[in-house]
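Before any comments, here is the structure.
Just so you know, all these numbers are worked out from the coordinates, no wet-lab data involved. What you see is a predicted model, and the numbers here were worked out from it, not measured in a lab. With ideal geometry, Cβ positions are generated from the backbone for all residues, glycine too; neighbour counts draw on all protein chains shown.
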Amino acid sequence: MFCKSCGSALEDAQAFCAGCGVAVSAAVETPAKVSDDNTLGLLSHLGGIFFGFIPSLVIYLIKQDSQDTVRDNAKEALNWQITVVLATLASIPFMFVVIGFVFFWAVLIVNFVFCIIGAVKSSSGVVYKYPIALKLIK
């Protein structure tokens with residue numbers, strides 16, 4: 001068992017953690033650690049908010065040959081960011097009318113919300129599929 005507070009290994013007969021002094025009743029079976037795969041999946045989604053499709057493209061190209069959740073999350077994030085770029089470009093001709101400005105800001109807000117949802121889901125090891133993304137990369 002491991003201490004819930006500090007993550008130190010505990011003996012079965014221990015009443016208190018030797019590392020931090022917390023009672024053994026606050027122990028868990030395994031220490032909670034975030035894997036590198038979950039972090040890369042999180043970065044592929046969050047990177048889209050600040051840098052567009054570049055972070056998800058880089059992570060997808062690095063993990064292209066593996067069959068894991070990182071590659072799938074990067075692929076979904078890349079498809080979504082390409083969709084956002086196309087939607088933003090489509091709004092430019094309509095900027096002469098007010099609807100173009102409204103559509104542009106709506107796309108940015110939806111991008112922000114969906115990227116946050118994707119980051120939260122991928123940090124727990126789940127592949128997040130964007131609901132309205134074009135499936136350009138299969």
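Among Lys138, Lys75, Lys63, which is of a type outside the set (Val, Ile, Thr) and exposed (fewer than 15 other Cβ atoms within 10 Å of the Cβ)? If you could, list the steps in order and put the result at the bottom.
Working: Lys75 fails: exposed (fewer than 15 other Cβ atoms within 10 Å of the Cβ); Lys63 fails: exposed (fewer than 15 other Cβ atoms within 10 Å of the Cβ).
Within the list Lys138, Lys75, Lys63, the selection yields Lys138.
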Has the stretch 118-125 got at least one residue that is on the phi > 0 side of the Ramachandran plot, touching a helix residue (DSSP H, G or I) at 6+ places or on another chain (Cβ under 7 Å), surrounded by 13 or more Cβ atoms within 10 Å (Cβ to Cβ) and outside any helix (DSSP H, G or I)?
yes
Based on what the data block shows, is Ala106 buried (at least 18 other Cβ atoms within 10 Å of the Cβ) and assigned to a helix (DSSP H, G or I)?
no
Here is a list: Val126, Val84, Val97. Which entry is farther than 13 Å from Gly47 by Cα and either without any contact (Cβ under 8 Å) to a residue 24 or more places away in the chain or polar (S, T, N, Q) (or both)?
Val97
Applying the selection to the stretch 48-68, what residues are under 15 Å from the mean Cα position of the chain (by Cα) and not in a loop (DSSP other than H, G, I, E, B)?
Gly48, Ile49, Phe50, Phe51, Ile54, Pro55, Ser56, Leu57, Val58, Ile59, Tyr60
